[in-house]
Structures are given as structure tokens and as C-alpha cells.
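Data first, discussion second: the structure below is written as C-alpha cells.
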Amino acid sequence: MPVIGIWAVIAATLGPIQNVLGWTISAALWPGYDPIAKTISDLAADDSPVKWVQTGFFLFGSSLTLIAAWSGKALGYPARITLFLAGLASFGFTIFATPTQTSYSDAHRLFASIAFLLFSIWPLLAIHRSKDYHWSLRPVGAISATLVMGLTTLWFLMTWLEPGQPMVGLSERVIAVMQVLWLSFVIWAQYLHQRKKKPASGFSLEGEELYG
């Protein structure tokens, strides 16, 4: 049985911390910035005084996503490929930053929309029916997570793509935290679940057979 590798666990541990810490530090360094009305992307815009602070956190978070996709073997290939593409899309919206606080980049919006959508649907592609997997990877948990995150993503995208929305920053932070926490929870939950199953399954944490 494929397992969750230790690098995925490390990425899952750091992911939520760097996610919240990034835009919290960046916002604190920018007097007058309104996190309710302004997006996280505004912190990394070309005219932002904290551009390179938030950009650094974006790049770090994107790298952690790729590590989780590579090392989280228990998620299965469809989900891992989806997460890998989400990580690449995250690099995309970081590279194609918003030009100014009053304008937007089509490339940035495209990559960001792709990233949010992929981070919402990967649980649906990670479904397993065996009890060797944690409930979060079985149908009820995975489908429920996809529905909740999918609806929240649509809420954010509708507010983001409509000019003048006063709560776009809040909606983005809600879905951003939700997505990173769910991925981290699933990785940690399956990691602990597989440790309990290890004597019966005959597999090490690296996925190598211990006995015949």
C-alpha cells in the first residue's frame, strides 16, 4: 500500500504556518492595508511596498505543495498530479504578479483561478474505499471536503472577479486557509493511520515491504 512519506508530513506541518504567517507579516509591514477589502495578491503586486516579502512566502508555499504531491503517495496518482499542477499554477500567479493596486493581470487571474480550483477538487481524485485509509480519504470525507471547498472557491471567485467587492480579501483568506488546512489534515491523518496499520500491512513508512 502506498504511504505518506515524511517529507509530505514536513510540508503539511509548515504549509498552514507559512500561509497565515506570510500575509499576516506582510500586512503588518504595510500601514493602511485592509485585509478585508484587499487580496493577498495585492501584497505581492508590483507596486506593493512589501512585494518581496509576500512573494517569498508564495514561492515557499508553492514549493511545499510540490513536495507534498511528490511524497504523499497514499493520495494516489490522480490527486498527486492535481496537487502538482496546483503547485505549478501557484508559481504562475506569483511570477505573473498583479501590476498595481488598481489594475489586474489576466495571466495572474488565470493561474490563481486554476490553483484555487485544483486545490478544491483534489480530494475527489484521492478517494479510496479500503479501511487501510483514513476516513478523510474515503468517499464521505473526500466528497464532503470537495463540496465545501468548491462552493467556497466559487464564492471567492465571484467576489474577486466583480470590481468593488468590499469583502474580497476576507473571502480569499477563508478559502486559502481552508484548502491548506484540509491538505495538511489529510496528510497527517493518513500518516498516523498508516502507522497504526503498519504491523498488519507489512509496509514501512517508505513504502517498502517488511515481510512477505
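Answer with yes or no whether Asp46 is modelled with pLDDT of 95 or more, open to solvent by 80 Å² or more (accessible area, probe 1.4 Å), under 26 Å from Ser26 (Cα atoms) and not aliphatic (A, V, I, L, M). Judged against the criteria, Asp46 is a match. Within the range 111-126, residues that are over 17 Å from Gly72 (Cβ atoms) have Cβ atoms under 8 Å from residues that are hydrophobic (A, V, I, L, M, F, W, C) and open to solvent by 60 Å² or more (accessible area, probe 1.4 Å) in these pairs: Phe111/Phe96; Ile114/Leu85, counting only partners at least 6 apart in sequence or on another chain. Can you say whether Ala115 is closer than 15 Å to Phe156 by Cα and out of contact with any strand residue (DSSP E or B) (no Cβ under 8 Å at 6 or more places or on another chain), as far as the supplied structure shows? Judged against the criteria, Ala115 is a match.
Within the range 62-97, the set of residues being buried (at least 24 other Cβ atoms within 10 Å of the Cβ) and of a type outside the set (A, V, I, L, M) comprises Thr65, Gly72, Ser90, Phe93. Restricting the first member to the range 128-149 and to residues that are under 24 Å from Lys196 (Cα atoms), and the second to residues that are part of a helix (DSSP H, G or I) and open to solvent by 50 Å² or more (accessible area, probe 1.4 Å), the beta-carbon pairs closer than 7 Å and six or more apart or on different chains are Asp132/Lys197; Ser136/Phe185; Gly141/Trp135; Ala142/Leu124. Glu172 meets the conditions (1) open to solvent by 30 Å² or more (accessible area, probe 1.4 Å); (2) touching a helix residue (DSSP H, G or I) at 6+ places or on another chain (Cβ under 8 Å); (3) of a type in the set (Asp, Glu) in every case but one. The failed one is (1). Taking first residues from the range 13-30 that are free of Cβ contacts under 8 Å to residues at least 60 places away in the same chain and partners that are in a loop (DSSP other than H, G, I, E, B) and hydroxyl-bearing (Ser, Thr, Tyr), the Cβ contacts under 6 Å between residues at least 6 apart in sequence or on separate chains come to Ala27/Tyr33.
The values are calculated or read from the model by the stated rules, or taken from the named source; none is laboratory data. On a predicted model such as this, the values are computed, not experimentally measured, just so you know. With ideal geometry, Cβ positions are generated from the backbone for all residues, glycine too; neighbour counts draw on all protein chains shown. Surface areas here come from the heavy atoms of the whole protein model, side chains and all, with no ligands, DNA or RNA. Shrake-Rupley method; radii C 1.70, N 1.55, O 1.52, S 1.80 Å.
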